[in-house]
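This report refers to the structure that appears directly beneath it.
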Amino acid sequence: MDALAPVSVTTRRLATPPLPLLVSPSVFDGFNWIPSTELEWRCLGELRDNPLTEDPSAMAFVFRAPAGVAHVPAELARLHVGRRYGLDDELCLAPYAIDDATDQLYLQRIEPASALWVATDNLDGLYWALHDWAHFHSHGAFYERAANELQCDVSALAWLWINRAEVGLDPSRWSQLRRDILAAHHRRCEQFAPTVPVDARVLEDDSILCALSESLLCRATHSR
Ligand SMILES: [Zn+2]
């Protein structure tokens with residue numbers, strides 16, 4: 001494919017209703033400090049299906065304000081996702097600075113949706129964007145990394161499930177993602193040795209996670 005050929009950019013607003021706390025209350029000092037509502041996602045052409053990694057590429061959280069957010073490392077967005085999203089000199093969150101953004105959005109009480117949108121054209125990038133979106137709405141000091149990440153993994157999978165039509169995600173592909181994330185969770189528990197109980201049953205079965213996801217929609221509807 002010609003790298004410079006015109007490709008359409010689609011903008012979608014993915015519903016991201018807040019999840020209940022699934023881990024020990026000690027994991028977060030600002031759980032759900034601001035309820036998440038939606039993530040603006042711009043995609044270049046059709047979403048590419050690619051394997052889940054631990055280091056997504058071709059994904060960028062783009063700052064809405066030209067100067068970004070104070071004390072949060074920023075880089076040129078086009079260096080990560082190219083210019084074809086209509087990007088010129090817009091800044092994005094530096095990929096290594098997810099924790100800084102989590103801290104600063106919380107400390108400065110900046111609503112994530114007012115500060116950031118995400119550009120990505122691939123499933124791995126979208127998964128991690130949603131995972132990071134969960135971090136941005138619940139502040140924790142990262143002492144209990146495995147539990148903190150579990151809360152964000154379940155959030156990302158639940159949001160992918162309820163937006164699967166919008167995303168174009170087949171239920172069987174979603175199920176594979178869930179199994180990949182469960183395996184990653186087990187590796188993380190070995191790596192970080194949690195000191196609080198971490199119950200990952202919600203990740204062990206499609207039907208449990210689907211039911212949790214659907215319940216978020218009911219709650220969102222009833223709270224309107
Ligand atoms: Zn994370």
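None of the figures in this text is laboratory data; all of them are computed from the coordinates on show. Note that the coordinates shown come from a computational prediction; the quantities given were computed from them, not determined experimentally. When we count neighbours, we look across all protein chains shown, and the Cβ atoms used for this are built from the backbone with ideal geometry, even at glycine.
What are the residue pairs meeting all of these: first residue in region 48-75, first residue without any contact (Cβ under 8 Å) to a residue 60 or more places away in the chain, second residue β-branched (Val, Ile, Thr) and in a strand (DSSP E or B), Cβ atoms under 9 Å, and 6 or more apart or on different chains?
Val62/Val118
Quick one: which residue in Trp133, Trp128 is in contact with a strand residue (DSSP E or B) (Cβ under 6 Å, 6 or more places away or on another chain) and in a helix (DSSP H, G or I)?
Being in contact with a strand residue (DSSP E or B) (Cβ under 6 Å, 6 or more places away or on another chain) and in a helix (DSSP H, G or I) holds for just one of Trp133, Trp128, which is Trp133.
Take the residues of region 110-123 that are touching a strand residue (DSSP E or B) at 6+ places or on another chain (Cβ under 6 Å) and over 20 Å from His71 (Cα atoms): which is surrounded by the most Cβ atoms within 10 Å (Cβ to Cβ)?
So the residue we want is Ala119.
State whether one or more residues within region 31-44 are out of contact with any Lys or Arg (no Cβ under 6 Å at 6 or more places or on another chain), surrounded by fewer than 16 Cβ atoms within 10 Å (Cβ to Cβ) and over 19 Å from Trp159 (Cβ atoms).
no
Mind telling me which of the residues Asn148, Asn163 ends up being touching a Gly at 6+ places or on another chain (Cβ under 6 Å) and either over 21 Å from Thr53 (Cβ atoms) or touching a residue at least 40 places away in the same chain (Cβ under 8 Å) (or both)?
The match here is Asn148.
Looking at Ala165, Ala156, Ala77, which is the one that is small (Gly, Ala, Ser) and either under 17 Å from the mean Cα position of the chain (by Cα) or more than 18 Å from Thr11 (Cβ to Cβ) (or both)?
Step by step, each of Ala165, Ala156, Ala77 is checked, and only Ala156 is small (Gly, Ala, Ser) and either under 17 Å from the mean Cα position of the chain (by Cα) or more than 18 Å from Thr11 (Cβ to Cβ) (or both).
Would you please name the residue that is nearest to His131 (Cα to Cα), looking only at residues in region 53-104 that are away from the ligand (no atom under 16 Å from the Cβ) and among the acidic types (Asp, Glu)?
Residue satisfying both the conditions and the ranking: Glu75.
Here's the yes/no breakdown for (1) within 11 Å of the ligand (Cβ to nearest atom); (2) under 12 Å from the mean Cα position of the chain (by Cα); (3) surrounded by 14 or more Cβ atoms within 10 Å (Cβ to Cβ):
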{"site": "Gly125", "(1), (2), (3)": "no, yes, yes"}
{"site": "Phe142", "(1), (2), (3)": "yes, no, yes"}
{"site": "Glu149", "(1), (2), (3)": "yes, yes, yes"}
{"site": "Cys152", "(1), (2), (3)": "yes, yes, yes"}
{"site": "Ala193", "(1), (2), (3)": "no, no, no"}
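Looking only at residues that are assigned to a strand (DSSP E or B) and within 16 Å of the ligand (Cβ to nearest atom) in region 105-119, which one is farthest from Arg173 (Cα to Cα)?
Looking at the filtered set, the residue picked out is Leu116.
Specify the residue that is farthest from Val27 (Cα to Cα); the eligible residues are those in region 154-181 that are among the polar types (S, T, N, Q) and surrounded by fewer than 21 Cβ atoms within 10 Å (Cβ to Cβ).
For region 154-181, the residue satisfying everything is Ser172.
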